[in-house]
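Before any comments, here is the structure.
What follows draws every value from the coordinates through simple rules; no lab data is involved. Remember, predicted model here, so these are calculated numbers, not experimental data. No Cβ is skipped: glycine too gets one built from the backbone with ideal geometry, and neighbour counts run over all protein chains shown.
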Amino acid sequence: MPTYDYSKAIEIAPDVYWLGFYDPVANFHCHPYLIKVGDEGILIDPGSLPHFPIVAKKATSVIKPRKIKYIIAHHQDPDLAANIPVFEKIIHSKDLRVITTERASFLTSYYGFEAPYRFVEEGPLQFNGRTFQFITTPYLHAPGAFVTYDPANKVLFSSDVFGSFYENWSLYAGDAYPKAMERFHSTYMPPGDVLKNQMGVFEKLQLDLIAPQHGSLIEKTAIGPNIDALKKIRTGQYLKKRLYAGSVVRNDIK
Ligand SMILES: [Fe+2]
Ligand SMILES: [Fe+2]
């Protein structure tokens, strides 16, 4: 496995860049990505306010800020969407659009950015001769969540799906990745078959790479085993947690 300089943007597919915040002690990493199409770009899940300086430095090392035409927010969480208004200031373009679902936009609007929305419900994005597809992933983990598929590169930007808690983090997933995904999905994803059924949708895609917002990149040969692993994970396990002193303990949850 090659070594990478995590202090820099890393090209993970042609003109697709990892802009993540590397923390050598954390077991949880957040990954913004940038897709360049010609000299313009799409910023995906740009991240949180504490990570902004690093993400912005990496983004501007590969593209001029005003050339970023779209920001994708795969749902409303602050670990991926809080710095949209800060990026909006440095992008400083009336052409900027924020892509999300109508449902997620109820909450992303509270971040206070001014750029208009380009809703997922309007269909695939045509951008400088390329097409990007959006696939809704309801309740994984937010009702308005979705993921982005780049057919030209066969890359799935999967947001929280395929994320993990991972000690000794590395950019690319190794053999232990299914276990690391289980730690994340078992409590983060809803009970029932929602996650398992979504895997049936992803299996129909041609995929060379999965790029989640947390955890590690999953390369082509590892995609099948990791999809199979997610089908088997028992989700909704946070229902069984009794974390809060003084809270009512439920005895009806098996
Ligand atoms: Fe999330
Ligand atoms: Fe997340």
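Kindly indicate the residue of segment 1-59 that is outside any strand (DSSP E or B) and β-branched (Val, Ile, Thr) and also farthest from ligand 1 (Cβ to nearest atom) among those meeting that condition. If you could, list the steps in order and put the result at the bottom.
Initial filter on segment 1-59 (outside any strand (DSSP E or B)): 1-9, 14-15, 19-32, 38-39, 45-59.
Those still in the list that are β-branched (Val, Ile, Thr) too: 3, 25, 54-55.
Details: 3: 30, 25: 22, 54: 20, 55: 17 Å.
The extreme case among them is 3.
Of the residues that sit in segment 92-102 and are away from ligand 2 (no atom under 16 Å from the Cβ) and surrounded by 21 or more Cβ atoms within 10 Å (Cβ to Cβ), which one is nearest to the chain's Cα centre (by Cα)?
As a first pass, look at segment 92-102 and keep what is away from ligand 2 (no atom under 16 Å from the Cβ): 92-99, 102.
Pick out the ones that are also surrounded by 21 or more Cβ atoms within 10 Å (Cβ to Cβ) and you get 96, 98-99.
Details: 96: 20, 98: 15, 99: 13 Å.
The selected residue is 99.
Within segment 167-214, the set of residues being farther than 18 Å from residue 235 by Cα, in a loop (DSSP other than H, G, I, E, B) and within 16 Å of ligand 2 (Cβ to nearest atom) comprises 169, 213. Determine if segment 103-117 includes at least one residue that is part of a helix (DSSP H, G or I), within 16 Å of ligand 2 (Cβ to nearest atom) and in contact with an Asp or Glu (Cβ under 7 Å, 6 or more places away or on another chain). Looking for residues that are part of a helix (DSSP H, G or I), within 16 Å of ligand 2 (Cβ to nearest atom) and in contact with an Asp or Glu (Cβ under 7 Å, 6 or more places away or on another chain), one finds none in segment 103-117, hence no.
Within the group 125, 107, 156, which residue is among the hydrophobic types (A, V, I, L, M, F, W, C), within 16 Å of ligand 1 (Cβ to nearest atom) and touching a residue at least 24 places away in the same chain (Cβ under 8 Å)?
Details: 125 fails: within 16 Å of ligand 1 (Cβ to nearest atom); 156 fails: within 16 Å of ligand 1 (Cβ to nearest atom).
Testing whether each residue is among the hydrophobic types (A, V, I, L, M, F, W, C), within 16 Å of ligand 1 (Cβ to nearest atom) and touching a residue at least 24 places away in the same chain (Cβ under 8 Å) leaves just 107.
Within segment 60-85, being under 14 Å from residue 42 (Cα atoms), in a loop (DSSP other than H, G, I, E, B) and either within 9 Å of ligand 1 (Cβ to nearest atom) or not hydrophobic (A, V, I, L, M, F, W, C) (or both) holds for 64, 74. Of the residues making up segment 29-48, one or more are within 24 Å of residue 120 (Cα to Cα), polar (S, T, N, Q) and more than 12 Å from the chain's Cα centre (by Cα).
Taking residues in segment 31-54 that are without any contact (Cβ under 8 Å) to a residue 60 or more places away in the chain, and partners anywhere that are acidic (Asp, Glu) and in a helix (DSSP H, G or I), the pairs with Cβ atoms closer than 8 Å and at least 6 places apart or on different chains are 47/79; 48/79.
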